[in-house]
Amino acid sequence: MAADAALSFLFSFLAFLFAISVHESAHALVADRCGDPTARLAGRITLNPLRHMELFGTFLMPLMMAISGLPSIGWAKPTPVVVDNLRRPRRDDILVSAAGPASNLLTALLCLLVLLVIRLTSAEGSRAVEQLASAGRITVEGSPVVPLAMLFHRLLLLSVVLGIFNLLPVPPLDGSHILQNLLPGRARLLYRSTARFGFLILLLVFLYTPLDRWMFDPPMRLFNSLLRL
């Protein structure tokens, strides 16, 4: 049981590293295309996770949550963006902010395709994907496609969570930048003033409301149902 838990954490952590690298690289790439080279010059347009890691958010927090038996959460080092360098600051800030979640949702779709290929090309892979989509666990053994299916399924789910979570319009998440730039002047200033309460708002919402189930369960059920077709 301990070995299974360790393997599950390892696969989750590897998937997490890739998902945050995709997310931050997308921010950096779109910012560069929109006129701000800050992130590119800092070496952030890369899938190398070492460029995006920070000690507490990327390592210590997920490890402490896993040891405590809680769902692992974490974050990457924020991608530096100088909004004043963007050619059209309000529009381009929306594009830069949306690029991260969009890249994660695209990753989820690519993982879905890979899992469907695994299911269609291998008997062991078919059973593994079916078990993952139905119960989130695998009892199939003895084939190299089994751990591969586990890794891609974990990456799919984490990419969905990361993409949707970051669209929440709560500072400092990407959705807050999108909403902020859509608001008229005075409303935008008022909204910015709530930024210092962003973490507290997120904590209260996820502790005392079922928002996480409303947000994450339907898309996860959709992806898993597609894997079972």
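Every read-out reported here was derived from the displayed coordinates using simple, explicitly stated rules and does not represent laboratory data. All of these numbers come straight from a predicted model, not from anything done at the bench. Heads up, the Cβs are rebuilt from the backbone with ideal geometry, glycines too, and the neighbour counts pull from every protein chain shown.
Annotations
- Around the Cα centre of the chain, unit charges on the Cβ atoms of Lys, Arg, Asp and Glu (plus for the first two, minus for the last two) sum to a dipole of about 620 debye.
- Enclosing the Cα atoms of the range 122-229 in their convex hull gives a volume equal to 122 cubic angstrom per residue.
- With the charge dipole of the chain set up from +1 on Lys and Arg Cβ and -1 on Asp and Glu Cβ about the Cα centre, the Cα lying farthest toward the positive end among the listed residues 182, 118, 104 is that of 182.
- Cut-off of 10 Å, at most 16 other beta carbons, DSSP loop: longest stretch of the chain lacking such trypsin sites (Lys or Arg not before Pro): 138-229
- In the chain, helical runs assigned H by DSSP with n ≥ 4 each contribute -39500 (n - 2.57); averaged across all residues and rounded to the nearest 500, the mean residue ellipticity at 222 nm is -22500 deg cm²/dmol.
- Look at the alpha carbon pairs under 8 Å that are at least 6 residues apart: their mean separation over the length of the chain gives a relative contact order of 20 percent.
- Rg over Rh, two decimals, the chain (C-alpha only, Kirkwood Rh): 1.00
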